[in-house]
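Working notes, beginning with the structure itself.
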Amino acid sequence: MSIVYNEKKKTFSLHTASATYQMKTGNLNYVKHLYYGPSICDEDMSYRIRRYDRGFSGNPYDSLEERTFSLDAQPQEFTTQQQGDFRINSIEVCNSDGSFSFDGRYVSHRIYEGPFVLKGLPAAFATDRDTVDTLEIVLEDAVSKVQVVLLYSVFEEKNIIMRAARVRNGGNKAIRLERIMSCCIDYLNGSNMDILSLPGRYGQERQVERQPMTHHVHRIRSGRGISSHQQNPFIVLAERSTNEDHGACYGFALMYSGSFTAEAELDQYDQLRLVMGIGDSMFCYSLDPGEEFDTPAVLMTFSADGLTGMSHIYHDFFRNNLNRSKFVRDVRRPVLINTWEAAFFDFDDVKLIEIAKAARDMGVEMIVMDDGWYGKRDDDNAGLGDWYVNQDKIRCGLPDLVRQVSKLGMKFGIWFEPEMVSEDSDLYRAHPEWVMEIPGRPAVRSRNQLVLDIGRREVQDYIIESVNSILDSADIYYVKWDINRAVTDLWSNALPADRQGEVPHRYVLGLYRILDEIIGTHPDIMFEGCAGGGGRFDPAMLVYFTQIWSSDNTKPLDNIRLHYGSSLLYPVCSMGAHVSDASPMVPLETKAAIAMCGTFGFELDASQMKKEDIRTCRKMSELYHRYYNLNFFGDYYRLTDPFIPGNLESWENVAKDRNEALVTVVTEHLTVNGPQEYIRLKGLDPDRLYRMEHEGKDLVLSGMALMHGGIPIPREVPDFTSFIYHLTAVG
Ligand code: GLA
């Protein structure tokens, strides 16, 4: 059993294969957090908690004369509000009498098999091979009768604990929830911790930042209504000495696609508290008596094997427990060509077939018709919302176009941006009240488009019907689902004034319902997410989308950094990556080698390519297929850190059985007559021999030699040369 409740000691121990997470009830029925780290069986870890009379840290009234018990200094599993704990908190509720107070104490718990399910929100599921148990702990405020149910699903073999909270209004009048976090975790001493996050911007998503915890609140957030280019809903707490291969680190990944907040505070006693959940700016949710509110889930993990160990845990989990689509594991994803950077809005059916024909010779198996095929869409000023085919461009009609593509032996994909509307569109003319716009204040335009109020059921239904009718009109194999602006002007014409604080979260719930409906009824279509590149690249989106377009920046060298940062959490098979015309000084082979660190495809006008380039691309498409399993399902190792200036970059995929490995090296600036560079491999079996080709020669070397001595990288080569080494175990 992965969850053990010790009745006598009142401890809850949650065990994954290599970690334990522990809590205890007691001390006036508060639930204390005791421990998260390497397995400690069911040892009661409360001996670590010391109590002192701390000045200016108040005591709960019922602790009577006991001045050493203060919530300001005790590690808690979920915080109270206005009970003398002045640190960042996990809940802010305004009770029916106008008071801001929550004093949650343990009332009951239950343990059951299988993971928890959230209302309207995505969560991870258990496969047949997983042991998953769930613990629910109910906290209640004795005065307001507001309850918080803490939910923990322990994916034992996967080393993941999925956590969330459910608020229940057990009182008899409405309350207002102004902040509710999915998780709260207290470390007794965090002065030795660093915090890692993935900040970025449009075109430069998921870069890596690591900084020491200091005595203030480190806040990582998106207030953009989408998880955003600027931050990712993921943070790592790592001990200062932790590096790629060694040391303790904790990962927290929020399964949410809207505004979020992750806050970490090193307090006056060097205790560290982390909370993470829905962004609380403009968040305010009314709960009538009996109503419940579910928070999104957080996927927590602990690794004693450095950042690589943590990434491997997440990669395995994301590849197995998030998305049920057959395209994640069972059906091989085709090499695609996307028309965006090839033609932008300037194409018609004839041009598409021209590109498809040329691309077929590059080994491309699917053409994706990007933006511009619908409504009156000749530029980005019009047409969004009108999801019917533009007959001036697709003169033969969609079914016939798809037939022509399938006659070439290729599949057909199509682009949508359903959450948006152009003012110059039939949809806007018919339903101006469906956009988010604050009364009396013209809405903020971004890319000259407005945001639909998809929290409204009728807007959701319009999107579901109009997208479905296109999908059902032709043999479509793939959909790219885009959103090209942040969400502003939070106002819904369908809600009363005192419920407008619900709009941002209702938007996200609306999105999940739309995706559930469309994807659920089209299991044979593969869906890729997109948000002006990777502006909504988060674990919740991966429940719906098999892969997500990583960035509108297709410059290969920038993509090395993008893949590196993304790979802290996301597996290779989730990252859309294409070869494009950007960075002409970089050879095609190198561009392709880098795109193979993602889902691989092309984004260029194939009909204008030289014959020899077509041949190179074909070779690279073949390589993508040859190494598909290694790339998509192997263990990924970051061999260099592209944020540290160096002469070359390298990464590696190792098969789970360690029979095979694929190492990619890209030279950046090998200085003239400079030192010899070596790339030390990782993850091989030290005692086995591996065969590889090196400078035209067959080499057989032990895993030990390759991991400790490394591969000498040829240095008399032009900048941006790539080497792909395939190693197979012999004997
Ligand atoms: C976004 C996407 C691009 C492309 C355009 C179309 O920017 O990231 O790939 O689809 O929209 O408008």
Identify the single condition in (1) open to solvent by 10 Å² or more (accessible area, probe 1.4 Å); (2) within 24 Å of L121 (Cα to Cα); (3) touching a residue at least 40 places away in the same chain (Cβ under 8 Å) that N232 does not satisfy, given that it satisfies every other one.
(1)
In the stretch 582-609, what residues are open to solvent by less than 10 Å² (accessible area, probe 1.4 Å), within 16 Å of the ligand (Cβ to nearest atom) and out of contact with any Leu (no Cβ under 7 Å at 6 or more places or on another chain)?
A595, G598, T599, F600, F602, E603, L604
Taking I367 as the residue in question, decide whether it is under 31 Å from the mean Cα position of the chain (by Cα) and within 16 Å of the ligand (Cβ to nearest atom).
yes
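Residue by residue, here is whether (1) aliphatic (A, V, I, L, M); (2) crowded, with 18+ Cβ neighbours inside 10 Å holds:
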| position | (1), (2) |
| --- | --- |
| R457 | no, no |
| Q460 | no, yes |
| E465 | no, no |
| V487 | yes, yes |
| D498 | no, no |
| E502 | no, yes |
| H505 | no, yes |
Quick one: count up the residues across the stretch 383-422 that are within 15 Å of the ligand (Cβ to nearest atom) and assigned to a helix (DSSP H, G or I).
0
Scope the stretch 628-641; condition surrounded by 18 or more Cβ atoms within 10 Å (Cβ to Cβ), touching a residue at least 40 places away in the same chain (Cβ under 8 Å) and more than 13 Å from P571 (Cα to Cα); matching residues:
L639
Of all residues in the stretch 617-639, which are within 23 Å of the chain's Cα centre (by Cα) and under 20 Å from H694 (Cα atoms)?
L630, L639
Would you mind telling me which numbered condition in (1) open to solvent by 10 Å² or more (accessible area, probe 1.4 Å); (2) touching a helix residue (DSSP H, G or I) at 6+ places or on another chain (Cβ under 6 Å) F69 fails?
(1)
Could you give me the residue pairs with C-beta distances under 7 Å whose first residue belongs to the stretch 541-553 and is free of Cβ contacts under 8 Å to residues at least 24 places away in the same chain, whose second residue is within 10 Å of the ligand (Cβ to nearest atom) wherever it lies, and which are 6+ apart or on separate chains?
none
I want to confirm something. Restricting to the stretch 536-564 and keeping residues that are among the small types (G, A, S) and within 17 Å of H578 (Cα to Cα), which single residue is nearest to the ligand (Cβ to nearest atom)?
S551
Do any helices (runs of 4 or more DSSP H) entirely within the stretch 269-343 hold 1 or more residues that are more than 16 Å from the ligand (Cβ to nearest atom) and open to solvent by 10 Å² or more (accessible area, probe 1.4 Å), and if so, which?
306-321, 326-329
Any residue at all in the stretch 423-443 that is within 16 Å of the ligand (Cβ to nearest atom), closer than 26 Å to E502 by Cα, out of contact with any His (no Cβ under 6 Å at 6 or more places or on another chain) and outside any loop (DSSP other than H, G, I, E, B)?
no
Checking R447 against (1) surrounded by fewer than 17 Cβ atoms within 10 Å (Cβ to Cβ); (2) closer than 26 Å to I355 by Cβ; (3) away from the ligand (no atom under 16 Å from the Cβ), the condition it does not meet
(3)
Contacts under 6 angstrom Cβ, first residue in the stretch 356-380 being assigned by TED's automatic domain parsing to the domain that holds N338 and in contact (Cβ under 8 Å) with a residue 60 or more places away in the chain, partner within 13 Å of the ligand (Cβ to nearest atom) and in a helix (DSSP H, G or I), 6 or more apart
D370/W340
Under 9 Å between Cβ atoms, at least 6 apart or on separate chains: pull out the pairs that start in the stretch 679-698 with a residue that is open to solvent by 30 Å² or more (accessible area, probe 1.4 Å) and end on any residue that is among the small types (G, A, S) and assigned to a loop (DSSP other than H, G, I, E, B).
R680/G709; R680/G710; R688/G731; L689/G731
When you look at K555, is it touching a Ser or Thr at 6+ places or on another chain (Cβ under 7 Å) and of a type in the set (K, R), yes or no?
yes
Go through the stretch 649-661 and report how many residues are open to solvent by less than 10 Å² (accessible area, probe 1.4 Å) and not polar (S, T, N, Q).
4
Give the stretch 119-159 a look and list any residue that's out of contact with any helix residue (DSSP H, G or I) (no Cβ under 8 Å at 6 or more places or on another chain) and surrounded by fewer than 18 Cβ atoms within 10 Å (Cβ to Cβ), or say none.
K119, D128, R129, T131, E136, A142, V143, K145, E157
Can you say whether S259 is in contact (Cβ under 8 Å) with a residue 12 or more places away in the chain, in contact with a His (Cβ under 9 Å, 6 or more places away or on another chain), open to solvent by 10 Å² or more (accessible area, probe 1.4 Å) and closer than 30 Å to G510 by Cβ, as far as the supplied structure shows?
yes
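The values are calculated or read from the model by the stated rules, or taken from the named source; none is laboratory data. Everything quoted here is computed from the prediction, not taken from an experiment. Positions of Cβ are generated from backbone atoms using ideal geometry, with glycine treated the same way; all protein chains shown enter the neighbour counts. We work out accessible area using only protein heavy atoms, side chains counted, and drop any ligands, DNA or RNA first. Shrake-Rupley method; radii C 1.70, N 1.55, O 1.52, S 1.80 Å.
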